[in-house]
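Just so you know, all these numbers are worked out from the coordinates, no wet-lab data involved. Quick caveat, the model's predicted, so the values are computed rather than measured. All Cβ positions, glycine included, derive from the backbone under ideal geometry; neighbour counts span all protein chains shown.
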Amino acid sequence: MVSFDLHDNTEEAARKVLTGTHYFSLAESLGGVESLIGHPASMTHASIPKEDRLKVGLTDSLIRLSVGIEDVEDLWEDLNKALDLV
């Protein structure tokens, strides 16, 4: 499990990364053998007011990854291509 914020702290930037991956599947639940990617601000924590999310460090650009069993080089390349979109 890995989480990170983007330099461009916007939901739009996060969505570009989320939709720009090939190996990471968009999912709310981060458990399984496949690599998954999630955006807590619009998924698991969407019902929490933004001010409350920000107080605990859950920003609009926070992305969570659950790394699966795919080849690590494929995953790095996939994530780097998606990050190049922002």
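Worth a mention:
- Whole-Hz couplings from phi, Karplus 6.51/-1.76/1.60, listed for segment 33-42; x for Gly and Pro: 8, 8, 6, 10, 9, x, 10, x, 4, 10
- Options 76, 39, 59, ranked by Cα towards positive dipole end of the chain, top entry (Cβ charges): 59
- Computing Rg and the Kirkwood Rh from the Cα coordinates of segment 2-83 gives a ratio, Rg/Rh, of 0.97.
- For residue 3, the amide hydrogen comes within under 5 Å of the amide hydrogens of 65, counting only partners 5 or more places away or on other chains and with H modelled in the peptide plane.
- Check: the chain dipole with +1 on Lys, Arg Cβ and -1 on Asp, Glu Cβ, in debye: 400
- Site pair residue 22 and residue 76 shows an inter-label distance of 1.7 nm when each label is modelled 7 Å from Cα along Cα→Cβ.
- Here the Karplus relation 6.51 cos²θ - 1.76 cosθ + 1.60, evaluated at θ = phi - 60°, turns the backbone of segment 7-19 into coupling constants of 4, 7, 7, 10, 5, 4, 5, 4, 5, 4, 5, 4, 8 Hz, with x for every Gly and Pro.
- Each label was represented as a point 7 Å from its Cα along the Cα-to-Cβ direction; for residue 52 and residue 69 these points are 3.9 nm apart.
- The alpha-carbon of residue 50 sits under 14 angstrom from the alpha-carbons of these aspartates and glutamates, leaving out residues fewer than 8 places away in its chain: 11, 60.
- Computed from Cα positions, the angle between helix 72-83 and the longest principal axis of the chain comes to roughly 40 degrees.
- Proximal lysines to residue 16, defined as alpha-carbon separation beneath 18 angstrom and excluding residues fewer than eight positions away on the same chain: 81
- Length-normalised contact order for segment 2-83 - Cα pairs under 8 Å, 6+ apart - percent: 43
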